[in-house]
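The values are calculated or read from the model by the stated rules, or taken from the named source; none is laboratory data. Only a predicted model underlies this, so the values are computations on that prediction, with no experimental measurement involved. Here the Cβ is made from the backbone with ideal geometry for all residues, glycine too, and neighbour counts use every protein chain on show. We work out accessible area using only protein heavy atoms, side chains counted, and drop any ligands, DNA or RNA first. Shrake-Rupley method; radii C 1.70, N 1.55, O 1.52, S 1.80 Å.
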Amino acid sequence: MKIKDVVKTLELFAPLPLQESYDNSGLQVGLTEAETSRVLLCLDVTEEVIKYAVAHQCNLIVAHHPLLFKGLKRVGDSTLVERCLRLAILNDITLYAAHTNLDNSDGGVSFQIAKKMGLVDVTFLREEGKFNDCPYGSGVIGHLTTPLQSHDFLALVQNVFQTASFAYSESQKTEIQKVAICGGSGDFLIQDAVKQGADAFITGEIGYHYYHGWESSLWLIATGHYESERYVPELMEQIIKREYPQLDTMVYPHTTSPIKHYKTH
């Protein structure tokens, strides 16, 4: 099977025109006419990820976050991006990214998180329009099958996102059932969540000043950017496997987040 066949499958699900203007989804480096031996799925491309691909005979890496956002004037070894590019090229590995086009697609990133949270009746939080007769937009909103008390809901969030701690602001609401979600940085959608009557809004990152003033409206929860998108590689694998069940794929098993949390002992 050729790499271009895998790329076509991903782009049918998450068309490149759906990406944001600042983004650089799509082919990053490599040749799509090459045959693929095995596909590695990850959130971020790092040197460790590429070395893992080499060790496990993966000649295609599909990441959520693009390695290349801006043009380069040189490719040496002074930055992570430069080193990753050289390492990929030297090992004949193709790099592909499905980023905001996957965020904005029907069934995309936030839908995957909603599924992990056990939400039902899930729709876009902010539907932007249609592309090839399919809706696209930002974030999602849905319902828990059974309302939860706030402390039980926070415990559910911690369990689903597998994080030792997360940031949140309290609401006067003691029971939560209607939940809005946006993977990554989603604080631009807080007012949308309020307008649609969400009891809680979950995203990866929220700016400090956004936490103020919603006490009577909803709980705000920021799990961490990486944590909010931890199920994206699994989603990309599912998209590929639906079309090519025989293709050998694997999800990178280690964190690629550069953020560390200091703890005293």
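Give the residue, chosen from 166, 131, that is more than 16 Å from residue 221 (Cβ to Cβ) and open to solvent by 20 Å² or more (accessible area, probe 1.4 Å). Step through it out loud before you land on a result.
Numbers: 166 fails: more than 16 Å from residue 221 (Cβ to Cβ).
One residue alone meets the criteria, 131.
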Item checked: Residues (in a loop (DSSP other than H, G, I, E, B) and in contact with a Ser or Thr (Cβ under 7 Å, 6 or more places away or on another chain)) located in segment 128-163 -> 163
Notebook entry, point to check: Looking at segment 1-76, what strands (runs of 3 or more DSSP E) fall wholly within it and have at least 2 residues that are of a type in the set (A, V, I, L, M) and open to solvent by less than 40 Å² (accessible area, probe 1.4 Å)?
Noted result: 39-42, 60-63
Check: For segment 93-100, does any single residue satisfy the condition of being surrounded by fewer than 19 Cβ atoms within 10 Å (Cβ to Cβ) and in contact (Cβ under 8 Å) with a residue 12 or more places away in the chain?
Finding: no
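So that you can scan it fast, the table gives a plain yes or no per residue for (1) β-branched (Val, Ile, Thr); (2) open to solvent by 60 Å² or more (accessible area, probe 1.4 Å):
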{"residue": "197", "(1), (2)": "no, no"}
{"residue": "210", "(1), (2)": "no, yes"}
{"residue": "221", "(1), (2)": "yes, no"}
{"residue": "228", "(1), (2)": "no, no"}
{"residue": "235", "(1), (2)": "no, no"}
{"residue": "256", "(1), (2)": "yes, no"}
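Conditions (1) surrounded by 22 or more Cβ atoms within 10 Å (Cβ to Cβ); (2) more than 20 Å from residue 224 (Cα to Cα); (3) among the polar types (S, T, N, Q); (4) in contact with a Cys (Cβ under 8 Å, 6 or more places away or on another chain), marked per residue:
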{"residue": "102", "(1), (2), (3), (4)": "yes, no, no, no"}
{"residue": "138", "(1), (2), (3), (4)": "no, no, yes, yes"}
{"residue": "151", "(1), (2), (3), (4)": "no, no, no, no"}
{"residue": "159", "(1), (2), (3), (4)": "no, no, yes, no"}
{"residue": "175", "(1), (2), (3), (4)": "no, yes, no, no"}
{"residue": "179", "(1), (2), (3), (4)": "yes, no, no, no"}
Check: Within the set of pairs 6+ apart or on separate chains, which have a first residue in segment 12-41 that is on the phi > 0 side of the Ramachandran plot and at pLDDT 95 or above, a second that is among the charged types (D, E, K, R) and open to solvent by 20 Å² or more (accessible area, probe 1.4 Å), and C-beta atoms under 9 Å apart?
Finding: 26/11; 30/92
Notebook entry, point to check: Of the residues 110, 105, which single one is touching a Leu at 6+ places or on another chain (Cβ under 7 Å) and modelled with pLDDT of 95 or more?
Noted result: 105
